[in-house]
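Student: Dropping a structure here in structure tokens format, bear with me for questions.
The values are calculated or read from the model by the stated rules, or taken from the named source; none is laboratory data. Worth saying up front: this structure is predicted, and the values here are computed from it rather than measured. Note that we place each Cβ from the backbone using ideal geometry, even for glycine, and neighbour counts take in every protein chain shown. For accessibility, only protein heavy atoms count, side chains too; no ligands or nucleic acids. Shrake-Rupley method; radii C 1.70, N 1.55, O 1.52, S 1.80 Å.
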Amino acid sequence: MKTVFAQSCPGRLGVVPRTPARRAADMLPSALLRKQRPRLPELSELDVVRHFTGLSRLNFSVDGNFYPLGSCTMKYNAKFMEQVAALPGFTSLHPLMAQLRGAGHYTQGALQVIWELEQQLCEITGMKAFTLQPMAGANGEFTGVMLIAAYHRDKGNHKTKILIPDSAHGTNPASATLAGYEVVNIPTHNGIIDPEELESALDDGVAALMMTCPNTLGLFENNLPRIVEKLRRVDALLYYDGANMNAIMGKMRVGDVGFDVVHLNLHKTFGTPHGGGGPGSGPVGVSERLVPFLPVSRVEKQQDGSFILSYDKPKSIGYIAPFYGNFAVFLKAYAYILRLGGEGLRRASEYAVLNANYLHKKLATTLDIPYERLCMHEFVASAPEGMRALDIAKALLDRGIHAPTVYFPLIVHECLMFEPTETESRETLDELVNTLEDIVKTGRENPQALLDAPVHTPVRRLDETAAARQMILTEDMGA
Ligand SMILES: *Cc1c(COP(=O)(O)O)cnc(C)c1O
């Protein structure tokens with residue numbers, strides 16, 4: 001596709017400004033005026049509309065295509081949540097208003113949303129308190145590990161290690177390392193944590209266990225009470241990676257099981273699209289004993305029902321992100337939770353798990369399924385003997401379906417990880433099954449066809465290393 005600069009035609013105009021350029025120039029100090037005309041493309045309004053509409057069509061998106069990308073919850077999020085987030089009373093609010101004396105009444109609504117969303121998340125997870133500050137899942141993990149460190153420091157515990165099973169999300173070991181801990185890998189058995197294996201890694205130097213549940217194999221950890229009890233014995237804390245909450249909402253509360261920290265991804269489960277690099281929000285919920293360490297500021301409700309920001313928390317780990325977090329994402333989560341209600345959230349989880357199990361069963365004759373037990377919101381499969389996950393993924397793109405997550409988790413051979421989400425219909429799931437059957441058949445009869453895919457996408461196979469390391473981000477526009 002040509003850039004707007006390549007399409008430019010001298011003298012062509014989209015919009016005629018109401019104030020002629022010369023009059024506008026008269027109103028500005030001469031030192032601020034350009035010496036040369038800006039090199040803007042000259043296009044008609046229709047050229048511009050077609051150009052950007054065309055660009056948007058080059059994208060894969062949930063609005064246009066099925067997107068069964070594992071561990072990402074690429075589901076439909078209703079447009080009304082975007083409208084809520086765009087309400088001018090919220091978008092026009094400056095973040096410093098909350099601290100401006102005499103301006104308190106302007107910010108009461110925003111503070112109330114923060115406070116009520118924290119309460120809603122406490123209700124959903126059974127935790128004592130939440131901070132909404134972290135800007136993404138990984139940022140939430142880092143916050144959680146910092147809270148764990150603060151707890152041990154405060155108690156005078158000397159702890160250096162965090163245990164992480166090999167089925168955890170990749171950000172878990174990264175967050176623990178970033179916070180200064182040594183990561184000890186716990187091998188899983190039949191896809192879940194083996195309490196005996198855990199026992200052998202436990203000693204007084206263990207600060208916490210970080211666990212993804214359902215784990216990246218899409219499996220639920222069956223031995224939670226035993227695991228909690230073992231860690232408690234050495235005063236180690238329990239971290240629950242709850243990024244994929246849409247497997248368990250309304251079914252289990254993390255706090256009730258005895259976890260000390262949980263992070264959620266609002267930009268997966270709660271009404272904001274995931275992918276594309278943001279915006280995200282990774283709220284962190286804690287048990288009673290970690291409340292004093294939560295980041296400042298805290299929103300507090302006063303006796304008269306009004307809300308204030310409180311900074312008077314001597315044990316707080318301080319700021320983890322600028323201001324209060326990603327406020328527009330809170331609004332979408334708040335609207336989503338109120339719209340669905342407790343019953344609706346529970347049903348969302350049930351459909352997410354039902355859809356995944358439907359696909360899991362239907363694909364058992366097409367792909368290799370390493371773990372046959374009931375899965376949660378997602379599951380893993382291996383490419384059939386002699387085929388590569390990468391080639392199957394590329395062939396799917398040609399047929400209008402986004403690829404699943406590939407080669408993750410690392411413990412599965414030629415891994416394809418599918419997450420259908422709760423919002424897809426049975427017809428769409430069947431279409432994926434039929435398409436994969438067709439791809440595998442093609443791969444057997446004509447292996448070269450899979451190696452050549454994709455042929456219908458805007459770009460074919462790229463040298464992925466060069467695409468990341470030798471990026472060309474500008475176009476030569478000529479003189
Ligand atoms: C997506 C995800 C994360 C990371 O979240 P980001 O917002 O991408 O940082 C962490 N853990 C699990 C299980 C996830 O699925």
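Student: How about Lys315: which lysines have a C-alpha closer than 19 Å to its C-alpha, ignoring those fewer than 8 places off in the same chain?
Tutor: In chain and number order, the partners are Lys128, Lys155, Lys159.
Student: Let me know the Kirkwood hydrodynamic radius for the stretch 401-461, please, with Cα pairs as the basis and the value in Å to one decimal.
Tutor: For the stretch 401-461, inverting the mean 1/r across all distinct Cα pairs yields 13.5 Å.
Student: Which of the chymotrypsin sites (Phe, Trp or Tyr not before Pro) across the stretch 18-114 are loop residues per DSSP, with 16 or fewer other Cβ within 10 Å? All intermediate terms of the calculation are to be shown ahead of the outcome.
Tutor: Details: sites: Phe52, Phe60, Phe66, Tyr76, Phe80, Phe90, Tyr106; in loops: Phe60, Tyr76.
Answer in residue order: Tyr76.
Student: Do you know the relative contact order of the stretch 80-211, to the nearest whole percent, from alpha carbon pairs under 8 angstrom that are 6+ apart? Please report the intermediate quantities before stating the final value.
Tutor: Numbers: 122 pairs, mean separation 26.0, N = 132.
It rounds to 20 percent for the stretch 80-211.
Student: With all protein chains present, how much of the accessible area of the stretch 431-476 (probe radius 1.4 Å) comes from carbon and sulfur, to the nearest whole percent? If you can, show how the numbers build up before the last one.
Tutor: On the way: 1780 of 3530 Å².
It is 50 percent, rounded to a whole number.
Student: What is the Cα centroid distance between the stretch 353-386 and the stretch 300-348, reported in whole angstrom?
Tutor: Spelled out, the Cα-based centre of one part sits 37 Å from the other.
Student: Setting aside same-chain residues fewer than 8 positions from Lys79, which aspartates and glutamates have a Cα under 14 Å from its Cα?
Tutor: Once the sequence-local aspartates and glutamates are set aside, what remains near Lys79 is Asp63.
Student: Grab the other residues whose beta carbon is less than 13 angstrom from that of Cys122, score K and R as +1, D and E as -1, and report the net. Intermediate results must be reported in sequence, preceding the final value.
Tutor: Details: positive: Lys128, Arg253; negative: Glu116, Glu118, Glu123, Asp256, Glu288.
Combined, the nearby Lys, Arg, Asp and Glu give -3.
Student: Now for a separate question. Rounded to the nearest percent, how much of the accessible area of the stretch 63-215 (1.4 Å probe, protein heavy atoms only) is carbon and sulfur? Intermediate results must be reported in sequence, preceding the final value.
Tutor: Values: 3530 of 6400 Å².
On the stretch 63-215, the fraction of accessible area on carbon and sulfur atoms equals 55 percent.
Student: Whole Å is fine, so just give me how far the alpha carbon centre of the stretch 218-243 lies from that of the stretch 117-158.
Tutor: Result: 16 Å between the Cα centres.
Student: Same structure again: How large is the accessible surface per residue of the chain, computed with a 1.4 Å probe and reported in Å² as a whole number? Intermediate values should be presented prior to the final figure.
Tutor: On the way: 24040 Å² over 479 residues.
Ligands and nucleic acids excluded, the figure is 50 Å² per residue.
Student: Sticking with this structure for a sec: Students often forget the sequence filter, so: which aspartates and glutamates lie under 18 Å Cα-Cα from Lys441 once same-chain residues fewer than 8 apart are removed?
Tutor: Asp368, Glu385, Asp391, Asp398, Glu414, Asp430, Glu431, Asp452
Student: Further, regarding this structure: When the Kirkwood radius is taken over all Cα pairs of the chain, what Stokes-Einstein diffusion coefficient follows at 10 °C and 1.306 mPa s, in µm²/s?
Tutor: Details: Rh = 25.1 Å.
Once the numbers are plugged in, D ends up at 63 µm²/s.
Student: Note down the relative contact order for the chain as a percent, whole number, built from C-alpha pairs under 8 angstrom at least six residues apart. Don't skip to the answer; put the middle values down first.
Tutor: Numbers: 832 pairs, mean separation 85.6, N = 479.
Reported relative contact order: 18 percent.
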